[in-house]
Amino acid sequence: METRFHSVADLEAYRRQLQAVRGPDRKIVSVCAGTGCRACGARGLAEVFREEIAKSNLEVELRVTGCQGFCERSPVVVVQPQSIFYQRVKAIDVPEILTETVEKGTAIQRLLYTDSDGRTYEREQDVPFYRHQTRSLLAFNGQIDPDSIDDYIAVGGYAALGKVLQERKPEEIVDLILRSGLRGRGGGGFPAGVKWQSCRKAHAADGIRYILCNGDEGDPGAFMDCALMEGNPHLVLEGMILGAFAIGFPGQPKGYIYVRNEYPLAVERLTRAIEQARRCGLLGKGILGTELDFDILINKGGGAFVCGESTALMASIEGFVGEPRAKHIHTAEQGLFDKPTNLNNVETWANVPLIISRGLEWFTSIGTGDVSKDPWGGSKGTKIFALVGKVNNTGLVEVPMGSTLRHIIWDVGGGPPPGKKFKAVQTGGPSGGCLPESLLDLPVDFDRLTEAGSMMGSGGMIVMDESTCMVDLARYFLHFLADESCGKCVSCREGLAQLCAIVDRICKGEGREGDLELLKDLSTTVQTASLCGLGQTAANPLLSTMRYFEEEYISHIHEHRCSAKVCKTLIRYVIDDSCDGCMACNAQCGTKAIQGGKKARHTIDDSLCTRCGVCMDVCKRNAIHVES
Amino acid sequence: MADEKCNVVEFKVQGQICQGTLGESLLSALRRHGFEVPSLCFHEAVSSYGACRLCLVEVKKGRRSKLTTSCNYPVQEGLEVQLDTDEVVRHRRIVLQLLLAAAPAAKAVRDLAARYGIEETPFVPRPEEDCIQCGLCIRICEAVGVNALGFAGRGVSKHATTPYEETSAACVGCGACADVCPTGCVKVVDADGFRTIERWHLKVPLTLCKTCGRGFAPEVHLTRMAGQAKLEIAHLANCPKCRGRAFAAEFRLP
Ligand SMILES: Cc1cc2nc3c(=O)[nH]c(=O)nc-3n(C[C@H](O)[C@H](O)[C@H](O)COP(=O)(O)O)c2cc1C
Ligand code: FES
């Protein structure tokens, strides 16, 4: 039920009413329908739950939620009040879950999570993947149906807004955010309070200030902003409304959320949340009966990676091509439609209500450094990472700033899969850097990562094992960025294309004497001379792999060897003595590169071989190897 | 000191005190004071774009100094500017090597590179190319109010062109794009009563001068000008040369 709140007291009364009926013993089946779980059939699963619950006489609430994080084990289901955690749940498991777990409270062993040592865990909070995290932002995802504003209000939603509107002045909120040391989660790590302050101070002739949310999330493999927008849209809205008050009140603050077009569900959820908030008097004219007027519009992005860059994003909202411009005049003074503008990332906004409701001390107790005098003095709060690659527990991971890579990859992530050896971790998305084993104890915060030649970025984290070639990896990211460069400035457009050309030839075994120096010199120019953040950071994957894995570049150039056995022109497929001439590979080879008749040992004609690897896949005796 | 009323700001270039007006680009101010800064994508007539990266300078503001392009950097009170520092020159040389690979057929690029002692590029060249995608043609076309051109594509595929790479209905063949093109890659050819700009897929008939009979401007261009100036098209029937002569004749004594 939705009511219009004419005052903060209205909202609080409604919250008490909701909480009264939602006791801690309430039975709830919460089905994750985040990106990963949806891909594994969570929607169908939720439907089966709905039907079966309807058929039964059980008094149980079905809650279909946003991403709960443990995507590796999709689809996941949590049964309350016991918090029993089930993974890889199928439709046929549903009746049993209802009778055994919901009704009787007993856990079904086969659906519980078992770690690689064979230990089984019953409660969600005991599963190592969750136990080793500090989930303050993501914790709500499992407790909320994103389409229900009631769910959000019941867990304390909009309380921060009520408190602020009742008791605080805008300047105090700016000051609070400044002293909290909250730094931007979208990549740059710029202190949010500093930005808010300059935007508040900037001259606004007509009182209009734009409050923007960056939900473009262009990094391949990243989905933390997606999980927040889809799983808890009101948290983002509340952050923005608080920002509108702090930055733009009194005056005419106006809001936009820029969401990438590839996130239709996020658009749908945000749209619904905005409509609910308007009907409840939390957006629009006279919010909660105060003088604050603020509304939010959604702008769908065009899909270019560079549109996530602040000035390109603003150009795109204005209807122009998403091309960055120089920021010598700050967007805080002249941004969207030339008005003072404050842009923050989804996760940055999501932190704001928590800082206000839980307090400065709570927030600054998490993380690194000392921000009491200087907001650049540390990295505070938690950060969400999208942990993917060669690691047991892939998914969304929220940990305190300053957690070590080892903690994230081993304690939370469960380490590399059996038989695999850790080689490197790429942090910060496509323009981040690759860090080797020797840096696993590095505390992950904005400044340590930058010093190590990588960056926080938006929180991508890709774990790699021995089967990844570092030169090939650099090549992959360089090509991504060269293709996504808007092409405006020469150093970025031409510079990246030439970096690609050089690394391409190294991967082909055609690297030249002096190529490493040329790569370094050109990288420095691309970083220094380029106009926007894309070019300025694009050489990171290259420079960090050259810094930590230089020997791989040298062996590619001088020995024409790829030790990870990835670069196609540098590897050969060979058949050893154990071949019994079964003809399986022979029959599969698309280019007829395999010679040798029945029962005779086969050989591969290297000049015909395309290195597709099919022969190796079909060989039952493991007689085929890759050499470099 | 700065004179606030006139919006004049003072700054230093290699120690020498210079003045600029608020909102003026640093590059313009530098050139006005006689300093030489290379550029290919800048033109006083249109807004700065910052594409060629050649106008790099070192700017110190307060205690922080950084490299920046000067064309899109607004002059400010108290700046300290250094022009050809080792670092600036090092990056400029690499940018020139990149340009030399990107558009080796452009003489302006080769000449500028030669001034920095660069005859060859270590990078993979695109031998036929003569356009550097500076976007001046697009910006001048916008400035004259025609808007027939724009960029298409991203990364190295980015290129200045007409909508859908077809003849633009808006283009009047005025040739302003060719006038500002730094590399001469936009070519305007008047022949056999037609103006052709092959780069923009344009071929339009020329108006023949009422007096000398030479084709001198595209009909569509003259129609547009007459409309803008609220003139009868008959006023534009003569080519500029003949118009000048006719005008001069009025003053000649018999
Ligand atoms: C090429 C490029 C892409 C970017 N993409 C994103 C993005 O997808 N999401 C985002 O929040 N910030 C992105 N940023 C960072 C934004 O420019 C901006 O710094 C950020 O949204 C500001 O919010 P914050 O201070 O809260 O991080 C990108 C920057 C660059 C240079
Ligand atoms: S003149 Fe400044 S970038 Fe081209």
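Residues that are without any contact (Cβ under 8 Å) to a residue 40 or more places away in the chain, open to solvent by 10 Å² or more (accessible area, probe 1.4 Å) and more than 15 Å from ligand 1 (Cβ to nearest atom): which helices (runs of 4 or more DSSP H) entirely in the range A:299-379 hold 3 or more of them? Write out each step before concluding.
Numbers: elements: A:310-318, A:346-358, A:360-365.
Those helices (runs of 4 or more DSSP H) span A:360-365.
Does B:Leu67 count as among the hydrophobic types (A, V, I, L, M, F, W, C), more than 9 Å from chain A (Cβ to nearest Cβ) and under 24 Å from A:Cys486 (Cβ atoms)?
no
Could you count how many residues in the range B:142-178 are farther than 25 Å from A:Glu494 by Cα and more than 13 Å from every other protein chain (Cβ to nearest Cβ)?
16
Are there any pairs, at least 6 apart or on different chains, whose C-beta atoms fall under 7 Å, with the first in the range A:515-538 and touching a residue at least 60 places away in the same chain (Cβ under 8 Å) and the second within 16 Å of ligand 2 (Cβ to nearest atom) and β-branched (Val, Ile, Thr), and if so, which?
A:Ala538/A:Val526
Which residues, counting only those in the range B:81-105, are charged (D, E, K, R), open to solvent by 10 Å² or more (accessible area, probe 1.4 Å) and within 12 Å of another protein chain (Cβ to nearest Cβ)?
The answer is B:Glu87, B:Arg90, B:Arg93.
Does the range A:431-449 include one or more residues that are closer than 28 Å to A:Asn345 by Cβ, assigned to a loop (DSSP other than H, G, I, E, B) and either within 14 Å of chain B (Cβ to nearest Cβ) or of a type in the set (Lys, Arg) (or both)?
No: the range A:431-449 contains no residue that is closer than 28 Å to A:Asn345 by Cβ, assigned to a loop (DSSP other than H, G, I, E, B) and either within 14 Å of chain B (Cβ to nearest Cβ) or of a type in the set (Lys, Arg) (or both).
In this structure, does A:Lys254 turn out to be away from ligand 1 (no atom under 16 Å from the Cβ), closer than 18 Å to A:Ser310 by Cα and either open to solvent by 10 Å² or more (accessible area, probe 1.4 Å) or within 14 Å of chain B (Cβ to nearest Cβ) (or both)?
The answer is yes for A:Lys254.
Residues that are modelled with pLDDT of 95 or more and over 30 Å from B:Cys41 (Cβ atoms): does the range B:181-194 have at least one?
Checked against the condition, which is being modelled with pLDDT of 95 or more and over 30 Å from B:Cys41 (Cβ atoms), the range B:181-194 yields at least one hit.
Report whether or not B:Thr167 is touching a strand residue (DSSP E or B) at 6+ places or on another chain (Cβ under 8 Å), open to solvent by 60 Å² or more (accessible area, probe 1.4 Å) and assigned by TED's automatic domain parsing to the domain that holds B:Arg199.
It is true that B:Thr167 is touching a strand residue (DSSP E or B) at 6+ places or on another chain (Cβ under 8 Å), open to solvent by 60 Å² or more (accessible area, probe 1.4 Å) and assigned by TED's automatic domain parsing to the domain that holds B:Arg199.
If you go through the range A:520-548 one residue at a time, how many are within 10 Å of chain B (Cβ to nearest Cβ), among the aliphatic types (A, V, I, L, M) and more than 12 Å from ligand 1 (Cβ to nearest atom)?
Residues that pass the stated criteria total 3.
Could you pull out the residue among A:Lys488, A:Lys423, A:Lys390 that is within 14 Å of chain B (Cβ to nearest Cβ) and of a type in the set (Lys, Arg)?
So the residue among A:Lys488, A:Lys423, A:Lys390 that is within 14 Å of chain B (Cβ to nearest Cβ) and of a type in the set (Lys, Arg) is A:Lys488.
Check A:Asp515 against each of (1) farther than 30 Å from A:Leu313 by Cβ; (2) crowded, with 16+ Cβ neighbours inside 10 Å; (3) more than 10 Å from every other protein chain (Cβ to nearest Cβ) and name the one condition it does not meet.
Only one criterion in (1) farther than 30 Å from A:Leu313 by Cβ; (2) crowded, with 16+ Cβ neighbours inside 10 Å; (3) more than 10 Å from every other protein chain (Cβ to nearest Cβ) is unmet by A:Asp515, namely (3).
Do you know which of the residues in the range B:106-132 that are β-branched (Val, Ile, Thr) and part of a loop (DSSP other than H, G, I, E, B) is farthest from the other protein chains (Cβ to nearest Cβ)? It would help to see each step written out before you state the result.
Filtering the range B:106-132 down to residues β-branched (Val, Ile, Thr) leaves B:109, B:118, B:121, B:124, B:132.
After this cut, where a residue has to be part of a loop (DSSP other than H, G, I, E, B) as well, the list is B:118, B:121, B:124, B:132.
Numbers: B:Ile118: 14, B:Thr121: 9, B:Val124: 5, B:Ile132: 7 Å.
This residue is B:Ile118.
Which of (1) within 14 Å of another protein chain (Cβ to nearest Cβ); (2) part of a helix (DSSP H, G or I); (3) touching a residue at least 40 places away in the same chain (Cβ under 8 Å); (4) not hydrophobic (A, V, I, L, M, F, W, C) is the odd one out, the single condition A:Arg493 does not satisfy?
Tallying (1) within 14 Å of another protein chain (Cβ to nearest Cβ); (2) part of a helix (DSSP H, G or I); (3) touching a residue at least 40 places away in the same chain (Cβ under 8 Å); (4) not hydrophobic (A, V, I, L, M, F, W, C), A:Arg493 fails exactly one: (3).
Return the pairs, sorted by first residue and then second, in which the second residue is among the basic types (Lys, Arg), the first residue lies in the range A:263-285 and is surrounded by fewer than 16 Cβ atoms within 10 Å (Cβ to Cβ), the beta carbons are less than 8 Å apart, and the residues are 6+ apart or on different chains.
Short answer, once both residue conditions are applied: A:Arg279/A:Arg4.
Considering B:Ile17, B:Ile94, which residue is touching an Asp or Glu at 6+ places or on another chain (Cβ under 7 Å) and either within 16 Å of ligand 1 (Cβ to nearest atom) or within 28 Å of B:Arg139 (Cα to Cα) (or both)?
So the residue among B:Ile17, B:Ile94 that is touching an Asp or Glu at 6+ places or on another chain (Cβ under 7 Å) and either within 16 Å of ligand 1 (Cβ to nearest atom) or within 28 Å of B:Arg139 (Cα to Cα) (or both) is B:Ile94.
Out of the residues in the range A:39-72 meeting the condition of being of a type outside the set (Asp, Glu) and part of a strand (DSSP E or B), tell me which one is least open to solvent (accessible area, probe 1.4 Å).
Of everything passing the filter in the range A:39-72, A:Thr65 is least open to solvent (accessible area, probe 1.4 Å).
Part of a strand (DSSP E or B) and in contact with a helix residue (DSSP H, G or I) (Cβ under 6 Å, 6 or more places away or on another chain) - does that describe any residue in the range B:187-195?
No, the conditions are met nowhere in the range B:187-195.
Does the range B:183-197 contain any residue that is over 30 Å from B:Cys134 (Cα atoms), of a type outside the set (S, T, N, Q) and open to solvent by 60 Å² or more (accessible area, probe 1.4 Å)?
yes
Looking at B:Ala45, B:Ala29, which is the one that is away from chain A (no Cβ under 12 Å) and either within 14 Å of the chain's Cα centre (by Cα) or without any contact (Cβ under 8 Å) to a residue 12 or more places away in the chain (or both)? Before you say what the answer is, go through the steps one by one.
Values: B:Ala29 fails: either within 14 Å of the chain's Cα centre (by Cα) or without any contact (Cβ under 8 Å) to a residue 12 or more places away in the chain (or both).
Within the list B:Ala45, B:Ala29, the selection yields B:Ala45.
Does the range B:12-55 hold any residues that are crowded, with 22+ Cβ neighbours inside 10 Å and more than 14 Å from ligand 2 (Cβ to nearest atom), and which are they?
Answer for the range B:12-55, where residues must be crowded, with 22+ Cβ neighbours inside 10 Å and more than 14 Å from ligand 2 (Cβ to nearest atom): just B:Gly20.
Grab the helices (runs of 4 or more DSSP H) fully contained in the range A:170-231, keeping just those with 1 or more residues being in contact with a Cys (Cβ under 7 Å, 6 or more places away or on another chain) and open to solvent by less than 20 Å² (accessible area, probe 1.4 Å). Don't jump to the end; show me each part of the working.
Numbers: elements: A:170-180, A:192-201, A:224-231.
Because the criterion is at least 1 residues that are in contact with a Cys (Cβ under 7 Å, 6 or more places away or on another chain) and open to solvent by less than 20 Å² (accessible area, probe 1.4 Å), the helices (runs of 4 or more DSSP H) in the range A:170-231 that meet it are A:224-231.
Look at the range A:244-265 and say how many of its residues are at pLDDT 95 or above and either within 17 Å of the chain's Cα centre (by Cα) or under 24 Å from A:Asp147 (Cβ atoms) (or both).
Residues in the range A:244-265 being at pLDDT 95 or above and either within 17 Å of the chain's Cα centre (by Cα) or under 24 Å from A:Asp147 (Cβ atoms) (or both): 6 in total.
The values are calculated or read from the model by the stated rules, or taken from the named source; none is laboratory data. Note that the coordinates shown come from a computational prediction; the quantities given were computed from them, not determined experimentally. Reconstructed Cβ throughout: ideal geometry from the backbone, glycine too, with neighbour counts over all protein chains shown. We work out accessible area using only protein heavy atoms, side chains counted, and drop any ligands, DNA or RNA first. Shrake-Rupley method; radii C 1.70, N 1.55, O 1.52, S 1.80 Å.
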